[in-house]
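Report on one structure; see the data block that follows.
The values are calculated or read from the model by the stated rules, or taken from the named source; none is laboratory data. Just so it is clear, the structure is predicted and the values come from calculations on it, not from any experiment. Neighbour counts run over all protein chains shown; Cβ positions are idealised from the backbone, glycine included. What goes into the accessible areas is simple: the full protein's heavy atoms, side chains included, and nothing from ligands, DNA or RNA. Shrake-Rupley method; radii C 1.70, N 1.55, O 1.52, S 1.80 Å.
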Amino acid sequence: MLRLSLPISTRLSPSPREKQDDASPGGLPYAHSSPLAGKPRLPSLLLPGLMPRHVAVIMDGNARWALRRGLPPSAGHEAGVRSLRHLLHLCSHWGIPVLTVFAFSSDNWYRPKAEVDFLMSLFERVIRTELDNFARDGVKICVIGDSSKLPSSLQKAIAYAEESTIRNSRVQLIVAISYSGKYDIVQSCRSIAQKVKDGVLQVEDIDEKLVEQELETSCSKYPYPDLLIRTSGELRVSNFLLWQLAYAELFFAQALWPDFGEAELVEALVSYQQRHRRYGTRSS
């Protein structure tokens, strides 16, 4: 059961970055790329021994970010990539070994075709151009979701990136594309049912551990998020990692995803480190 302690970032005034974004040509956050130079130090507010092993993020608000600036949705998605690049860089140096991001849900296929086509091309371009950065930061990539619906060129780019980064070990980036939590559970059940049909398993063998082994996040050493962050102020999990989030701590940030940076991540991590995770038991 989700623990519905709902801390929400209450900062309503524009952040320094938001002010800088508004002043930037075209409203694009050029400041996002500057923090990538050098190794970022862990802020003194955070305790290394209490860092989450797995952070999951619902990257929400790209289109609204663009709309507020009079830009097309594509500009918001491009800005969102810069936020993801920055977040991944921080995770790789702050001791967070797994980062999972919700890039494209199974419901997003119903968006306008032009936007979907742009996103598919953006995913492919980013995957291909970030390989050098993945090598530098020790990033291992894994893409989860119904890949059969993706363009063949994107499928090939994903396969190449996964193979190229398989030996990287500093941080694992799990990207959910054409994904839904319900789909993940259903495909797990189908896999188990096929094994029963083939005589590999008995019905009596089915338990939670077996289901979890068939979930797509089994690609990770730490398949269950300790912390879920959702941006843009929305208070829902939107069919994301439904099984895996059973004991996750939830943090809802007011910032739109392109405005989510180091300060917002620190706020979420401080909140996480102040909580007592009991997993259904009582504190002694």
Relative contact order, percent, the chain [alpha-carbon distance under 8 Å, six or more residues apart] | 28
May I ask for the longest run of the chain untouched by chymotrypsin sites (Phe, Trp or Tyr not before Pro) that are loop-located per DSSP and have at most 15 neighbouring C-beta atoms (other than their own) within 10 Å?
-> 1-246
Nonlocal amide H pairs with S105, under 5 Å, H built at 1.01 Å = S178, Y179
Cα centroid of the stretch 55-77 to Cα centroid of the stretch 114-173, whole Å = 20
In whole Hz, the Karplus estimates of ³J(HN,Hα) for the stretch 129-139 (6.51, -1.76, 1.60; θ = phi - 60°; x where Gly or Pro) are 7, 8, 4, 5, 5, 4, 5, 5, 8, x, 8
Which cross-chain or sequence-distant (5 or more) residues have an amide H under 5 Å from the amide H of I144, H modelled 1.01 Å from N in plane?
-> V175, A176, I177
When the Kirkwood radius is taken over all Cα pairs of the chain, what Stokes-Einstein diffusion coefficient follows at 25 °C and 0.890 mPa s, in µm²/s?
-> 124
Residue list for the stretch 171-198, given a label point 7 angstrom along the Cα-to-Cβ vector of L210 and an amide N cut-off under 13 Å = 189-198
Name every cysteine in the chain that ends up alone, with no second cysteine's Cβ under 4.7 Å, or say none.
-> C91, C189
When the label point is put 7 Å from the Cα of E234 along its Cα-to-beta-carbon vector, which residues of the stretch 48-67 have a backbone N closer than 15 Å?
-> 57-67
When the accessible area of the chain is computed with all protein chains present and a 1.4 Å probe, what percentage of it is carbon and sulfur?
-> 54
Label-to-label distance, nm, for residues given as K113 and R167 (7 Å Cα→Cβ offset) | 4.4
Point-to-point label distance, R136-S218, nm (Cα→Cβ direction, 7 Å offset) | 3.6
